[in-house]
1. Treat each spin label as a single point 7 Å out from the Cα along the C-beta direction, and report the residue 158 to residue 22 distance in nm.
2. Sequence gap at least 6, Cα distance under 8 Å: using those rules, report the relative contact order of region 53-159 to the nearest whole percent.
3. When the chain is treated as a GNM, springs tying every alpha-carbon pair under 10 Å, which of 158, 128, 120 comes out with the largest mean-square fluctuation?
4. Testing the spin-label approximation: label points 7 Å from Cα along Cα→Cβ at residue 98 and residue 178. State their distance in nm.
5. Quick check: the angle from helix 94-109's long axis to the longest principal axis of the chain, C-alpha only, nearest 10 degrees?
6. Report the FRET efficiency, 1/(1 + (r/R0)^6), for residue 73 and residue 136, where r is their Cβ-Cβ distance and R0 is 25 Å, rounded to 0.05.
7. On full extension of the chain, what length is gained from residue 3 through residue 84, given 0.36 nm per residue of separation minus the C-alpha to C-alpha distance?
8. Quick one, which of (i) 1.20; (ii) 1.80; (iii) 1.33 is the actual Cα Rg over 2.2 N^0.38 Å calculated for this model?
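The numbers here are math on the coordinates, done by the rules we state, and not lab data. If you're wondering where the values come from, they're calculated on a predicted model, not measured in any experiment. Here Cβ is always computed from backbone atoms with ideal geometry, including for glycine, and neighbour counts include all displayed protein chains.
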């Protein structure tokens with residue numbers, strides 16, 4: 001649906017990409033190149049590297065690398081469509097719009113009250129108010145990395161149980177370590193248990 005709206009010119013892709021660059025996993029240059037790819041494709045129905053190089057003040061080699069990286073990382077797909085036996089190169093932005101829909105759905109389902117509760121919980125355990133930077137990191141952990149209030153409470157307990165100093169840094173490390181342990185368990189257990197873990 002979003003791709004159809006984009007092709008008809010009803011969707012402001014520039015605003016969507018710029019506002020969601022971080023959750024989309026894009027840096028500033030990648031965002032700009034992707035926006036230009038979308039604009040050019042809507043106008044010309046093709047991906048022209050030469051045209052991108054004319055419109056973007058980035059070196060040709062860097063543009064080539066970004067264009068290739070964006071495709072490899074699943075922001076668009078290139079395929080050949082045949083009409084009366086003649087092949088034509090086409091682009092689908094379906095993967096990009098699937099990422100955007102996922103971000104929108106995650107934002108809609110995220111409970112901001114959980115963030116407030118997590119901030120209060122950490123403030124209580126740290127015996128001080130969180131700084132602006134710490135709040136930003138906490139928000140990223142919950143909205144971008146999708147850690148729940150329960151994950152944060154459990155990680156905090158593990159840190160204090162190990163007699164480690166609680167901080168946003170040690171919390172982030174503990175959450176990441178727990179993820180690594182879970183992945184390692186999934187790799188080491190028999191297939192029947194792997195299937196069970198995958199369903200959780």
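1. Going from the residue 158 label point to the residue 22 one covers 2.4 nm.
2. Details: 62 pairs, mean separation 16.8, N = 107.
16 percent.
3. Answer for the Gaussian network model of the chain: 128.
4. Calculated label separation equals 2.9 nm.
5. 30
6. Values: r = 25 Å, r/R0 = 1.00.
So, using R0 = 25 Å, E works out to roughly 0.50.
7. Values: separation 81, 0.36 × 81 = 29.16 nm, distance 2.57 nm.
Result: 26.6 nm gained on full extension.
8. Here the calculated entry is (iii).
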